[in-house]
Amino acid sequence: MITAQNASTQLASGSSYPLTGLGLWKVPREECANLVYTSLKLGYRLLDGAADYGNEAEAGEGLRRALNEGLVKREDVTVVSKLWNTYHAEEHVEAACRRSLQDWGVDYFDVYYIHMPIALKYVDPAVRYPPGWSYDGTPDGALELEASPYHKTWAALERLVDIGLVRNIAISNMPGGMIMDLMTYARIKPAVLQVEMHPYFAQPELLRLAQAFNIHVTAYSSFGPTSWVGISDSVVAKCEPLFTHPTVTEIAASHGVTPAQVILRWATQRGITVIPKSSSAERMKENLNNERVELSEGAIDAISKLDAGLRFANPAAAGPRLAVYA
Ligand code: NAD
């Protein structure tokens with residue numbers, strides 16, 4: 001289908017990794033299998049999942065349907081999962097990965113991230129899965145840290161590569177200083193960095209740092225405030241939706257494309273992967289086709305100037321909910 005027109009980049013390991021994929025956060029379980037199946041039919045070849053999204057079994061069902069029908073081959077799809085915060089202790093990493101593999105129905109992940117550099121106290125999957133943030137499982141309950149430093153979790157991920165469960169290991173929500181630290185001890189270097197990145201939070205220095213280390217960057221929440229309404233409303237209130245910002249709409253009109261395509265292409269044309277989430281086939285097609293657009297350098301610069309340092313996903317906001325760490 002559209003595959004031939006969609007670009008891939010090569011990770012440091014040699015694996016190919018598409019520039020446009022499908023994000024699976026907040027996709028309801030009952031829609032997830034169909035959504036994944038439809039995306040593969042449309043030409044998507046990167047599925048960005050996570051244990052925390054609570055829909056990996058359903059995502060796997062959609063993937064299996066496409067594989068069984070011969071729409072795609074396993075080796076042509078980049079299947080991604082993420083280790084949740086409660087499984088950072090080294091003795092829990094392999095079991096957490098195996099649970100996600102079993103849910104997806106695959107025998108390896110192309111990319112496996114540490115979802116966040118935040119280690120939370122272990123919650124037995126038999127008690128609650130996915131466990132979420134608070135230790136007691138209530139929406140406002142306290143967060144309890146686990147004494148599990150990042151380097152030990154990273155070493156446990158390296159072992160997942162050694163035993164063939166994972167092809168590439170990767171980092172997410174990691175600030176620059178921590179990346180520099182990780183690079184001093186990683187036996188297997190991180191292949192991808194996934195962070196919030198959009199015109200209101202362009203992160204040019206972090207991007208350059210990752211590129212200097214040959215770490216490919218994947219942007220999440222490419223549409224900025226849109227997916228954070230109802231979650232980070234105080235920040236959302238500080239900006240207008242990117243879809244209606246005059247800089248974006250004017251560039252869209254002059255290029256004969258949609259604002260969504262302009263926002264995504266601002267990233268992909270600079271070699272950054274995007275993983276927009278949508279539950280409509282029409283929008284999925286529109287998003288995938290961002291790669292057909294060629295933005296002028298002036299247009300890219302004008303969008304970069306919208307940077308206002310506005311981040312919607314901020315782990316520090318969890319501070320007041322932390323139980324005292326002794
Ligand atoms: P997003 O930027 O993809 O925005 C999603 C919203 O945009 C939805 O409300 C959708 O209806 C709307 N939308 C999608 N296509 C559109 C179009 N063409 N026109 C108009 N509206 C459109 O937000 P996101 O879900 O936050 O990020 C994408 C993915 O990134 C997630 O699904 C997830 O896989 C990943 N992610 C990772 C982390 C992390 O901590 N690593 C955090 C957030 C998201």
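The values are calculated or read from the model by the stated rules, or taken from the named source; none is laboratory data. These numbers come from a predicted model, not from an experiment. Every residue, glycine as well, gets a Cβ built from its backbone with ideal geometry; the counts of neighbours run over all protein chains shown. The protein model used for the area step is the full one, side chains on, heavy atoms only, and it has no ligands, DNA or RNA in it. Shrake-Rupley method; radii C 1.70, N 1.55, O 1.52, S 1.80 Å.
With helices as the sole contributors, the chain gives -10500 deg cm²/dmol at 222 nm; each DSSP H run of n ≥ 4 counts as -39500 (n - 2.57), and the sum is divided by every residue.
Relative to one another, the C-alpha centroids of the range 1-55 and the range 263-326 are positioned 16 Å apart. Of PRO139, PRO276, PRO130, the residue with the greatest mean-square motion in the GNM of the chain, using alpha carbon springs below 10 Å, is PRO139. Put THR86, THR9 in order of accessible area, highest first, and with a 1.4 Å probe you get THR9, THR86.
Put THR20, THR184 in order of accessible area, highest first, and with a 1.4 Å probe you get THR184, THR20.
Each part reduced to its alpha carbon centroid, the range 138-169 and the range 69-86 end up 19 Å apart.
Given a Förster distance of 30 Å, report the FRET efficiency between ALA7 and ALA317 from their Cβ-Cβ distance, rounded to the nearest 0.05. Given R0 = 30 Å and the Cβ-Cβ separation, E is 0.30.
Probing with 1.4 Å while keeping every protein chain in the model, the per residue accessible area of the range 8-317 equals 41 Å².
On the range 226-316, 51 percent of the accessible area sits on carbon and sulfur atoms, based on a 1.4 Å probe. With a Förster radius of 41 Å applied to the beta-carbon distance between ASP162 and GLU294, the computed FRET efficiency rounds to 0.45. Converting phi to 3J(HN,Hα) with the Karplus coefficients 6.51, -1.76 and 1.60 and the offset θ = phi - 60°, the range 297-312 yields 4, x, 5, 4, 5, 4, 5, 4, 6, 6, 3, 10, x, 8, 9, 9 Hz in sequence order, with x at every glycine or proline. Applying 0.36 nm per residue to the separation of ASN68 and ARG29 and subtracting their alpha-carbon distance, the gain on full extension is 12.0 nm. Dimensions of the range 88-137 based on its C-alpha atoms, expressed as ranges along the principal axes with the largest first, amount to 32, 23, 17 Å.
For the range 8-317, the antiparallel share of DSSP beta bridges with both residues in that region comes to about 15%. Simple rule: put +1 on each Lys or Arg Cβ and -1 on each Asp or Glu Cβ in the chain, find the dipole, and look at TRP84, VAL166, HIS115; the Cα lying farthest toward the positive end is VAL166. Between the beta carbons of SER234 and ASP307, assuming R0 = 25 Å, the FRET efficiency works out to 0.85 to the nearest 0.05. Bridging of LYS152 to lysines at a Cα separation below 24 Å is possible for LYS82, LYS121, LYS189, once same-chain residues fewer than 8 apart are set aside. Comparing GLY62, GLY164, GLY43 in a Gaussian network model of the chain where C-alpha atoms under 10 Å apart are linked, the largest mean-square fluctuation is found at GLY164. About the centre of its Cα atoms, the chain shows a dipole size close to 340 debye [charges on the beta carbon of Lys, Arg (+1) and Asp, Glu (-1) only; nearest 20 debye].
Scaling against 2.2 N^0.38 Å puts the C-alpha radius of gyration of the range 218-326 at 1.21. For the options MET183, MET116, MET197, a Gaussian network treatment of the chain with springs between C-alpha atoms closer than 10 Å singles out MET183 as fluctuating the most. With all protein chains in place and a 1.4 Å probe, the accessible surface of the range 72-139 carries 49 percent carbon and sulfur.
For the range 45-64, the residues whose backbone nitrogen is under 19 Å from a point 7 Å from the Cα of TYR129, taken along Cα to Cβ, are 49-64.
In units of the rule-of-thumb radius 2.2 N^0.38 Å, the chain shows an alpha carbon radius of gyration of 0.96. Taking all C-alpha pairs of the range 1-102, those more than 23 Å from each other amount to 29 percent.
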